């Protein structure tokens, strides 16, 4: 079976649309957010980090789709029963089951939750030491504003966003530093890093390069398939019992708007931070990291 592709990035870094695009390649299978590497086994995961329903939806939708070919209230209930009957599984066993259901396609998955914990990234690399890793970035200012906007819409996210560590600037720094630390000693070519803004504004240029990196078909026909992330069974709201499993904005509008993406303008590192009452600016830690990623 092929090695999976994991997209590593903080929340609100275009990972939903990028996962949706890559997942529509004929040789790939795009998954919703599974949040699998937050624990060692399904028992610890399901009754620990996944206790909040918002973190369970992606796995429930994936199991429902893969087992029954459709996501309905009934198939989600069956997926829940399957999970509770297999709580003894470790996470690699669960991923192997998902791969068996998918067949010989590359699993494409992104769960921003795992990049805030070094132990989660360590679990991923221990289970899949040869996995392909796409390190996706977004300008820290736009990322921060997007995080605050989503939190204001979902009470469950407000419950887990407490303390200094939940400040968008601190989150951005920590997540990217952990990704860099986890990937710095990997073999050359195992990790690709790209600005999400640059990728989305130049899909015709960068998608073939990503395909060549993954050693998959880079033909115009394959590119055409990737331009329709809305065709994914996970690119919409799910049924009762598992309504999310991905970025709500993506679920409500998964199609690519190329003209809008090309008009996307980057903020600057000197803009006051709108989510802070004092209007303070980015600190030197963020500026150094963002500059290394090519932001100004």
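Couple of notes before you dig in:
- Sequence-separation-based contact order of the chain, relative, with Cα cut under 8 Å and 6+ spacing, percent: 29 percent
- Choice from 226, 264, 171 showing the highest fluctuation, given a GNM over the chain with Cα pairs closer than 10 Å: 264
- Sequence of 55, 82 once ranked by neighbouring C-beta atoms within 10 Å, starting from the fewest: 82, 55
- Rotationally averaged projected area of segment 104-153 (alpha carbon convex hull; nm²): 5.0 nm²
- Note on the chain: with a GNM built from Cα contacts shorter than 10 Å, the maximum mean-square fluctuation among 117, 61, 12 falls on 117.
- For segment 155-266: rounded, prolate or oblate by the Cα gyration tensor [a/c cutoff 1.5]: oblate
- Computed over the chain, the per-residue total of -39500 (n - 2.57) for DSSP H runs of n ≥ 4 gives a 222 nm mean residue ellipticity of -13500 deg cm²/dmol, rounded to 500.
- Amide N proximity, segment 171-198 versus residue 292 label position 7 Å along Cα-to-Cβ, cut-off under 13 Å: 173-185
- Counting other Cβ atoms within 10 Å as a rough exposure proxy, the listed residues 138, 174, 123 run 174, 123, 138 from fewest neighbours to most.
- Extension gain, residue 3-residue 219: 0.36 nm per intervening residue step, less the Cα-Cα distance, totals 75.7 nm.
- Residue among 188, 22, 200 with the largest mean-square fluctuation in a Gaussian network model of the chain, springs linking Cα atoms under 10 Å: 188
- Most to least packed among 249-255, 100-106 [average Cβ atoms within 10 Å]: 249-255, 100-106
- Antiparallel bridges, percent of DSSP beta bridges restricted to segment 5-292 (to nearest 5): 5 percent
- Neighbour-count order for 29, 206, 295, fewest beta carbons within 10 angstrom listed first: 206, 295, 29
We did not get these values from a lab; they are worked out from the coordinates using the rules stated. In this text, all values refer to a predicted model and were calculated from it rather than measured experimentally. Note that we place each Cβ from the backbone using ideal geometry, even for glycine, and neighbour counts take in every protein chain shown.
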